[in-house]
Amino acid sequence: MKFPFSRKELIIVLFSLVIFLLILDIVLSKIFKHSGNQIEKIELYSGEIKDGFISGMHNFGIKNDWIDENKNDIKKGDSLKYSFKVKVPKDLPIPLLLNEISNSFPPGEITCVSRESKVNGTTNLSLSSGGFDKLKAEFIYDPEIRRTSCSFGFLVYGLTKLDPVLQDHLIKVPELFTVVLIPSKESLEISKRLKTNNKNYAVILNNEINDLDYKLVSSYSTERLKLSIRSILGNFSDAAAYLYNGNSGFTGESKFAFINNEFEKRNVRFIDINKFDLIEERGTSLDISFEQIVNRANENKTELIYISADNYLKLKPLILKYMKVGYKFINPSTVLAEYLKQQ
């Protein structure tokens, strides 16, 4: 088979192609390098560093009154433009605060250097950019100041409606909350998993109980109701509380008084969930409803919030935000006894 060009011509073409590709590679490298330099910040202004520093502290509830700027510590003509002394409440670890300040800046834009003079004593921080010192701060614990100390607890229902992956995630997360279960064989298995993961649960009695071992309906005889009550108390004996909805049809059933009396005979009392904050019934968006609850909270009382599992998962970023500021989120089981006293 004959080609329309000679071997010599083929070699020249291939050699030319190699040269072209080499030149193209060099040109593209310079273009992308130049483009990268355009977006890369070599040095942050001192004002930008100050703003990030203050923002990081506000994220953890440090008040402006606790931040003292020392202008006498700044030398004229020096790159160091800001010097602060910061009072820190005892409930906030300084290393956690320093980490938040560092995370207020994009990676690589500043250098943070901290030094603790003694355990639980003074910590010094230096922030630099572009090889120049820009800001320094001294942090010291002050037992006389404290952040907002309102506390909240979540009663989370509807765990059985989550898909298995989310359900498993919620059971294993370290956050403190109490799961609310409707008596059933599935709930019994979940209660065992909760116990393994050091989580508490409460049981709610209503007309949605479908499992025959636990069902409570007016059409049942008193003896049949007793069997259901014994099964509930026997299988969910380590429940933190037993709940009901005082505004539901369940309490209007003719046998409710009998059911209530049978529980009381066994030294078990119900708590009406209407004593809690039913966040989904507030008529506003989830975020706004939660912020309303937080803003009107009393420091001397723990607010218990009744919320579905899927909405609790949606609310977690906002919960984290308030935790940083200093709000406490505790296990409701520690205060449910107080609610029983209000019955």
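Details
- Evaluation of A257 against (1) surrounded by 15 or more Cβ atoms within 10 Å (Cβ to Cβ); (2) over 26 Å from the mean Cα position of the chain (by Cα); (3) more than 27 Å from Q167 (Cα to Cα) (one fails), failing number: (1)
- Checking E253, E303 one by one, the residue that is assigned by TED's automatic domain parsing to the domain that holds L159 and more than 30 Å from D213 (Cβ to Cβ) is E303 and no other.
- Of the residues making up the stretch 276-300, those that are touching a residue at least 24 places away in the same chain (Cβ under 8 Å) and outside any helix (DSSP H, G or I) are F276, D277, L278, A297, N298, E299.
- Residue list for the stretch 194-208, filter: closer than 16 Å to G158 by Cβ, without any contact (Cβ under 8 Å) to a residue 40 or more places away in the chain and out of contact with any Ser or Thr (no Cβ under 7 Å at 6 or more places or on another chain): L194, K199, E208
- Qualifying residue in the stretch 303-312 (condition: touching a helix residue (DSSP H, G or I) at 6+ places or on another chain (Cβ under 7 Å), on the phi < 0 side of the Ramachandran plot and part of a helix (DSSP H, G or I)): yes
- Qualifying residue in the stretch 197-208 (condition: in a helix (DSSP H, G or I), assigned by TED's automatic domain parsing to the domain that holds D272, in contact with a Leu (Cβ under 6 Å, 6 or more places away or on another chain) and modelled with pLDDT of 95 or more): no
- So N274, is it surrounded by 14 or more Cβ atoms within 10 Å (Cβ to Cβ) and polar (S, T, N, Q): yes
- Unmet criterion (only one of (1) outside any loop (DSSP other than H, G, I, E, B); (2) touching a residue at least 12 places away in the same chain (Cβ under 8 Å); (3) out of contact with any Asp or Glu (no Cβ under 6 Å at 6 or more places or on another chain); (4) of a type in the set (V, I, T)) for V165: (2)
- Residues being of a type in the set (D, E), touching a helix residue (DSSP H, G or I) at 6+ places or on another chain (Cβ under 6 Å) and closer than 15 Å to V180 by Cα - total across the stretch 260-290: 1
- Count - residues of the stretch 326-343 that are crowded, with 17+ Cβ neighbours inside 10 Å and either of a type in the set (G, A, S) or not in a strand (DSSP E or B) (or both): 7
- Qualifying residue in the stretch 55-68 (condition: surrounded by 13 or more Cβ atoms within 10 Å (Cβ to Cβ), touching a helix residue (DSSP H, G or I) at 6+ places or on another chain (Cβ under 7 Å) and among the polar types (S, T, N, Q)): yes
- For the stretch 317-324, the criterion of a residue being surrounded by fewer than 18 Cβ atoms within 10 Å (Cβ to Cβ) and assigned to a loop (DSSP other than H, G, I, E, B) is satisfied by no position.
- Going through (1) over 17 Å from the mean Cα position of the chain (by Cα); (2) hydrophobic (A, V, I, L, M, F, W, C); (3) not in a helix (DSSP H, G or I) one by one, L225 falls short only on (3).
- Restricting attention to the stretch 130-187, the residues that are over 30 Å from N300 (Cα atoms) and of a type in the set (S, T, N, Q) add up to 4.
- Within the stretch 168-178, the set of residues being under 19 Å from S151 (Cβ atoms) and not in a loop (DSSP other than H, G, I, E, B) comprises just one member, T178.
- Candidate set: the stretch 210-254, residues that are at pLDDT 90 or above and among the polar types (S, T, N, Q); chosen: the one surrounded by the most Cβ atoms within 10 Å (Cβ to Cβ): S228
- Extreme residue, modelled with the lowest pLDDT, among residues of the stretch 140-153 that are surrounded by 17 or more Cβ atoms within 10 Å (Cβ to Cβ) and touching a Ser or Thr at 6+ places or on another chain (Cβ under 7 Å): S151
- Note on the stretch 280-302: residues that are over 17 Å from the mean Cα position of the chain (by Cα) and within 19 Å of M323 (Cβ to Cβ) total 8.
- Residue check, I273 within 15 Å of P332 (Cβ to Cβ) and in contact (Cβ under 8 Å) with a residue 24 or more places away in the chain: yes
The values are calculated or read from the model by the stated rules, or taken from the named source; none is laboratory data. None of these values were measured; they are calculated from a predicted model. Neighbour counts run over all protein chains shown; Cβ positions are idealised from the backbone, glycine included.
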